[in-house]
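The values are calculated or read from the model by the stated rules, or taken from the named source; none is laboratory data. Being a predicted model, the structure only gives us computed values, none of them experimental. So basically every Cβ, Gly included, is an ideal-geometry build from the backbone, and we count neighbours across all protein chains shown. These area figures cover heavy atoms from the full protein model, side chains too; ligands, DNA and RNA do not enter into them. Shrake-Rupley method; radii C 1.70, N 1.55, O 1.52, S 1.80 Å.
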Amino acid sequence: MTAMASPSAGPRAPTDSNTADRPAVDGRRLLRRLEELAAVGPITGADGSRGSARLALTDADRDGRDLVVTWMRDLALSVSIDAIGNVIATRPARDGSLTSPVMTGSHIDTVRTGGRFDGNLGVLAGIEVIETLIERGIETTRPFAVAFFTNEEGARFSPDMLGSLVYAGGMTIEEAYDIVGIDGARVGDELARIGYLGAQPCPGPVPHAFVELHIEQGPVLELEGFRIGAVTGVQGISWTELTITGQSNHAGTTPMRFRHDAGYVAARIATFVRELATEIGHPHVGTVGKIDLHPNLVNVVAATAVMTVDLRNTDEAVLQESERRLHAFLDELSAAEGVTISKRTLARFEPVIFDDRVIDLVEKTASDLGNTVMRLPSGAGHDAQMMARLCPTAMIFTQSHLGISHNPAEHTDDADLVMGADVLLRVMLELSEGTVI
Ligand code: HGY
Ligand code: MN
Ligand code: MN
């Protein structure tokens with residue numbers, strides 16, 4: 001087990017210095033908003049850490065959306081809600097135009113054990129960037145836009161990055177509306193119920209460029225001792241739901257050789273996914289995060305198991321090979337155990353490579369601000385991977401302490417959060433005023 005870096009020496013003071021020609025964000029305002037949003041749908045981890053649970057399109061998500069939209073409207077931004085519930089707030093350019101903006105954004109929906117920064121940082125930093133320009137009277141050649149996209153997590157409704165996928169034209173709105181979640185709810189109905197089935201059509205307008213600030217959610221930056229990540233792309237994602245149908249039977253009277261045990265088959269699959277990932281090696285990852293047994297009782301051999309398999313790799317060919325190996329194993333196991341196994345694809349996205357010019361700009365900007373910078377791919381999916389279908393795109397990472405995320409214990413130092421927002425501010429200004437793109 002690699003020794004994890006020791007926790008940094010406490011949170012470093014946020015940098016609020018607003019120099020004359022090089023505007024800096026108001027760190028305290030950003031941190032305050034992060035805390036305020038985190039208090040919507042609050043949860044407490046086993047260790048007392050504070051996080052949020054705002055599964056997509058739930059009442060908690062609605063409340064989080066309402067709070068962020070209020071902040072957007074307080075800045076008199078042009079706020080649009082599109083047909084899949086994405087919210088885009090735009091500050092006009094110097095000449096009043098609203099088209100072809102330099103755009104940033106992320107998500108504010110969370111998993112059930114969400115931390116305070118996953119997604120939220122990118123959205124609130126985008127608002128902070130725009131507010132800084134407004135209060136300093138800095139007008140820009142291009143409009144600035146900040147968005148939050150619907151259902152980035154994909155925890156309630158698959159696939160993940162749903163809102164940005166529809167925004168980028170990767171799925172029709174009709175298909176998205178008919179997606180049914182793990183609780184039986186339908187996307188279109190839930191969007192209407194929470195009041196975010198907007199009028200703006202999808203696909204959405206093409207930005208000039210897109211940059212997303214996000215916590216790394218992994219241990220690499222901290223372990224390698226780099227403060228900022230210039231993200232080169234996103235690894236491929238393969239999500240499959242398996243329905244294993246066996247036969248319920250008495251746990252006491254049924255000899256082992258007569259069993260068609262869906263619970264045992266699910267356990268074998270979970271073990272296979274782990275062993276395959278170990279055999280393929282880094283950066284391949286495989287996860288079984290959800291198993292529902294029926295009837296799920298101590299003295300009944302499980303009749304059915306519904307489970308998920310999440311496979312990821314930066315190399316599409318290796319990802320496909322891992323899928324092929326899994327399917328071959330399922331065929332062999334179902335024959336041996338006398339069960340049927342049906343497969344349903346929940347998400348399948350190939351690896352994405354970001355635009356070199358924007359990656360270079362992130363790296364240079366972060367370095368000019370005195371940071372150590374490392375290039376790395378993203379292990380997690382992000383809305384930026386969908387926006388990369390439309391325009392030059394890249395991401396900025398800040399450290400995640402011990403790489404913990406999707407967990408209330410998720411932590412990033414205050415000063416790193418603020419520095420990330422300052423890098424975002426400078427990158428967006430350069431994309432608007434410079435000649436990079
Ligand atoms: O699953 C992911 O990578 C992201 O958190 N939606
Ligand atoms: Mn995220
Ligand atoms: Mn996430």
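Remarks
- Residue that is touching a residue at least 24 places away in the same chain (Cβ under 8 Å), among the hydrophobic types (A, V, I, L, M, F, W, C) and under 11 Å from Gly229 (Cα atoms), where the choices are Val427, Val418, Val436, Val362: Val362
- If you go through the stretch 101-137 and keep only what is touching a strand residue (DSSP E or B) at 6+ places or on another chain (Cβ under 9 Å), part of a loop (DSSP other than H, G, I, E, B) and away from ligand 2 (no atom under 16 Å from the Cβ), you end up with just Pro101.
- Scanning the stretch 206-230 for residues that are in contact with a helix residue (DSSP H, G or I) (Cβ under 9 Å, 6 or more places away or on another chain) and either open to solvent by 20 Å² or more (accessible area, probe 1.4 Å) or modelled with pLDDT under 95 (or both) yields His208, Gln217, Pro219, Val220, Glu222, Leu223, Phe226, Arg227.
- You will find that of Ala394, Ala347, Ala366, the residue that is within 16 Å of ligand 1 (Cβ to nearest atom), within 23 Å of Gly119 (Cα to Cα) and of a type in the set (Gly, Ala, Ser) is Ala347 and no other.
Yes or no, residue by residue, for (1) within 16 Å of ligand 1 (Cβ to nearest atom); (2) over 28 Å from Cys391 (Cα atoms):
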| position | (1), (2) |
| --- | --- |
| Arg193 | no, yes |
| Leu197 | no, no |
| Ala209 | no, no |
| Ile215 | yes, no |
| Leu221 | no, no |
| Gly229 | yes, no |
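- In the condition set (1) under 30 Å from Glu430 (Cα atoms); (2) of a type in the set (Asp, Glu); (3) free of Cβ contacts under 8 Å to residues at least 40 places away in the same chain, Glu332 is compliant with all but (1).
- Pairs, first part of a helix (DSSP H, G or I) in the stretch 297-320, second open to solvent by 40 Å² or more (accessible area, probe 1.4 Å) and hydrophobic (A, V, I, L, M, F, W, C), C-beta under 8 Å, six or more apart: Val318/Ile280
- Among the residues listed as Gly338, Gly246, Gly236, the single one being small (Gly, Ala, Ser) and surrounded by fewer than 19 Cβ atoms within 10 Å (Cβ to Cβ): Gly338
- Restricting attention to the stretch 159-185, the residues being within 14 Å of ligand 1 (Cβ to nearest atom) and buried (at least 21 other Cβ atoms within 10 Å of the Cβ) number 6.
- Qualifying residue in the stretch 254-271 (condition: modelled with pLDDT of 95 or more, out of contact with any His (no Cβ under 6 Å at 6 or more places or on another chain), among the acidic types (Asp, Glu) and closer than 30 Å to Met374 by Cα): no
- Among the residues of this structure, Ala56 counts as one that is at pLDDT 95 or above, under 14 Å from Gly163 (Cβ atoms) and within 16 Å of ligand 2 (Cβ to nearest atom).
- Residue count for the stretch 76-93 under the criterion of being within 20 Å of the chain's Cα centre (by Cα) and among the polar types (S, T, N, Q): the result is 1.
- The set of residues in the stretch 138-158 being away from ligand 1 (no atom under 15 Å from the Cβ) and open to solvent by less than 40 Å² (accessible area, probe 1.4 Å) consists of Thr140, Pro143, Phe144, Ala145, Val146, Ala147.
- Test: residue in the stretch 159-167 that is within 12 Å of ligand 3 (Cβ to nearest atom) and in contact with a Leu (Cβ under 9 Å, 6 or more places away or on another chain): yes
- Selection of the stretch 167-179 for residues being farther than 13 Å from Ala56 by Cβ and not hydroxyl-bearing (Ser, Thr, Tyr) yields Ala168, Gly169, Gly170, Met171, Ile173, Glu174, Glu175, Asp178.
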